[in-house]
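A quick write-up on the structure given underneath.
The values are calculated or read from the model by the stated rules, or taken from the named source; none is laboratory data. This one's a predicted model, so the numbers in the text were calculated from it and none came from an experiment. Here the Cβ positions follow ideal geometry from the backbone for every residue, glycine too, while neighbour counts run over all protein chains shown. Each accessible area value is taken on the protein alone, full model and side chains, heavy atoms only, with ligands, DNA and RNA left out. Shrake-Rupley method; radii C 1.70, N 1.55, O 1.52, S 1.80 Å.
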Amino acid sequence: MRGADLINLLLPDEILDEVLRRVAVSGAKRDLDACALVCRRWRRHDRATRRSAKLAASGARADEVLRLVAERFPALVEVSVDERISVEAAAAGPSCAAARSRRRPMYDVSPSGRRRRMSRSSNFGAHMSPFPLDRPGSDNETERTCLTDVGLTSLARGCKGLEKLSLACYIGDPGLIAIGEGCKLLRNLNLRFVEGTTDEGLIGLIKNCGQSLVSLGVATCAWMTDASLHAVGSHCPNLEFLSLESDHIKNEGVVSVAKGCRLLKTLKLQCMGAGDEALDAIGLFCSFLESLSLNNFERFTDRSLSSIAKGCKNLTDLILNDCHLLTDRSLEFVARSCKKLARLKINGCQNMETAALEHIGRWCPIRDSAFLEVGRGCSLLRSLYLVDCSRISDDALCYIAQGCKNLTELSIRRGYEIGDKALISFAENCKSLRELTLQFCERVSDAGLTAIAEGCPLRKLNLCGCQLITDNGLTAIARGCPDLVYLDISVLRSIGDMALAEIGEGCSQLKDIALSHCPEVTDVGLGHLVRGCLPLQSCQMVYCRRVSSTGIATIVSGCPKLKKLLVEEWKVSERTRRRAGSVLSFLCTGL
């Protein structure tokens, strides 16, 4: 600072610490870096209070960077190391770089002409994370090009208070063991693409800091076997969150976790080798479980969900993806026992039919406490997702509508047996429905849509592929849902300009519309649309054969807040391209 440094003379350390804390809470890392450049005192306080860092794991001096981070920022509690972050993305902004370059040079030049980071540690003082790292040189150079166990060991020694660590890089067993030995307060550990280690590394970490661990995620780590899960069950009694993706996990490993980690609240599993025995143990020992996600299970049956339903009475979220052996009975068990169920997502469970949802509607009633926060003990179903469940019919959804009257979000994709009867029931019973997706539900017609418009104040509506919808159905929506902000009417071949005129007149808050593959829409309809929908920000309209360059220009000139317009490139005039080039996106037709 020039002249008298009145700020530093009058500003106590406590106030400065509070200033830096508030800047950090705001999430603007660049602002925090700028504070560190004010003066030495501010930089010193920043180093003493900086709480989080995200670092690239690539570069010839990645280990040195991590060592300097640990030395200069001992208060770190959250660190993420990812080798997928490019050096360019990790580099500091131009202003910070310029400020540092004015103080002292940051690079020297090697005989080969490559710019190298100078070894002076002062270069790392002002800018926290990420750091500019060297690119790997030619193939015959011997410099390391990524983080090794040495760097991770330095981090473990310097940041004793580390609580959250995320690794997505090639690390060996010694690095993980060092983290366990040095970071006894570690609470959250996430490993992804960590291919250099084995069970030995994770076991070594867990033995040292398992007592404090409350969250563990392991994904895309082919080395993981039941041995690691045995260690988790033995040393992590306080674990509440567990996410596993591994083809080598068997029943024994999951059983060990269930017996040892009885405080589990969230469990996400993608284990091809596990079956009924594993989930039997979860239901028997994990009575506090609130959220369960089962993905690509091919070996467990209705018996598994029966065990979950009997033991996990607090279950609020259930996600079933591609669990081909489950039938209606499994959801009957859940519906009878899990009265707090708030979110149900079923994707690709082909053996579930109408009876499955009949049980949900019958046994999951809604009470007066419907608007309590989802997942906090309220007895309601708020969100229902059904994807590729082709055997579910109108009768099933009528049970849902009659029993779950505060449903707010309903998403059905490729429900070929679902029609107007279900929609009429939802309109009569679910007055809080705000978001409705009916993609390729080919039996839905104007009658069902009219009932929805009269009974549900929708804000988001997706009718893509519902071929029976005409202008009359959309007219009812436009008149009955004035708060609509999102509308997808793609692949509706019977709608025309009258529907767009009604939408423009009735849906003045519309921000996002998709109307691709609508052959009857013309430039005239687009003119009516934009006159009423001034807040429109996004529009997709490809393969609308009667829309010309005039219609494209109408959208551009009539929507001052437009951010994205997806069209065919050949329909855009040069004048429109010059005027709105930044918002135009073109369909790639050359593939």
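Run down the aspartates and glutamates and flag those whose C-alpha is under 16 Å from the C-alpha of Lys164, throwing out any fewer than 8 positions away in its chain.
Glu78, Asp82, Glu181, Glu240
Give, as a single signed number, the net charge of other residues whose beta carbon lies under 10 Å from the beta carbon of Gly196, with Lys and Arg counted +1 and Asp and Glu -1.
That sum, taken over residues with Cβ under 10 Å, equals -3.
How do Arg578, Arg30, Arg459, Arg61 rank by accessible surface area computed with a 1.4 Å probe, from largest to smallest?
Arg578, Arg30, Arg459, Arg61
Rounded, prolate or oblate for the range 469-580? Axes are the square roots of the Cα gyration tensor eigenvalues, ordered a ≥ b ≥ c, and the cut-off for rounded is a/c under 1.5.
Because a/c hits 1.5 or more and a/b fails to exceed b/c, the range 469-580 counts as oblate.
Give me the lysines in straight-line cross-link reach of Lys571: C-alpha distance below 27 Å, same-chain residues under 8 apart excluded.
Lys511, Lys561, Lys563
Under a Cβ-only charge scheme (Lys and Arg +1, Asp and Glu -1), can you give me the dipole magnitude of the range 484-590 about the Cα centre, in debye to the nearest 20?
The dipole magnitude comes to about 420 debye.
How much accessible surface does Tyr543 have with a 1.4 Å probe, in Å² rounded to 10?
For Tyr543, solvent-accessible area is about 110 Å².
Could you tell me which of rounded, prolate or oblate describes the range 157-264, using a ≥ b ≥ c as the square roots of the eigenvalues of the alpha-carbon gyration tensor, with rounded for a/c under 1.5 and, failing that, prolate when a/b is larger than b/c and oblate otherwise? The partial results should precede the final answer.
Working: a/c = 1.72, a/b = 1.16, b/c = 1.49.
It comes out oblate by the Cα gyration axes.
For a quick protection proxy, order the peptides 299-307, 182-190 by their average other-Cβ count within 10 Å, most packed first. Intermediate values should be presented prior to the final figure.
Details: 299-307: 21.2, 182-190: 19.7.
Put in order of decreasing packing, that is 299-307, 182-190.
For the range 9-50, what Kirkwood radius comes out of the mean inverse Cα-Cα distance, in Å?
Every distinct Cα pair counted, the radius reaches 10.1 Å.
In the structure shown, do any of Lys207/Lys259; Lys160/Lys268; Lys160/Lys265; Lys265/Lys345 have a Cα-Cα gap over 23 Å, and if so which?
Violating the 23 Å limit, Cα to Cα: Lys160/Lys268; Lys160/Lys265.
Of the heavy-atom accessible surface of the range 484-590 (probe 1.4 angstrom), what whole percent is carbon and sulfur?
49 percent
Taking the Cα centroid of the range 249-308 and of the range 460-510, what is the distance between the two, rounded to the nearest whole Å?
44 Å
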